[in-house]
Amino acid sequence: MAITKEMTIGEVLRANPKAAQILMSFGMGCIGCPSAQAESLEEASEVHGMDVEELVKALNA
């Protein structure tokens, strides 16, 4: 399954549990917080000042 910026963090983690390491390496330590279940990668990237396209590329690599 390809990861997209519209997916929630929770969806990404359910699709690939190893994604947690990638998310944390980008500085996204909120993977366990309740908002991670409803917040999209794009929204989380904006909040954390990250480039969502780079994050999605890393998650799909």
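Structural remarks
- Single condition Ala20 does not satisfy, out of (1) aliphatic (A, V, I, L, M); (2) open to solvent by 40 Å² or more (accessible area, probe 1.4 Å); (3) free of Cβ contacts under 8 Å to residues at least 12 places away in the same chain: (2)
- Among helices (runs of 4 or more DSSP H) entirely within the chain, having at least 1 residues that are touching a Ser or Thr at 6+ places or on another chain (Cβ under 7 Å) and at pLDDT 90 or above singles out 52-60.
- Single condition Val47 does not satisfy, out of (1) surrounded by fewer than 15 Cβ atoms within 10 Å (Cβ to Cβ); (2) closer than 16 Å to Leu59 by Cα; (3) in contact with an Asp or Glu (Cβ under 9 Å, 6 or more places away or on another chain); (4) of a type outside the set (S, T, N, Q): (2)
The values are calculated or read from the model by the stated rules, or taken from the named source; none is laboratory data. Predicted model only: the values in this text are computed from it and were never measured. Glycine gets a Cβ as well: all are built from the backbone with ideal geometry, and neighbour counts include every protein chain shown. For the accessible areas, the whole protein counts, side chains as well, though only heavy atoms, and no ligand, DNA or RNA atoms are used. Shrake-Rupley method; radii C 1.70, N 1.55, O 1.52, S 1.80 Å.
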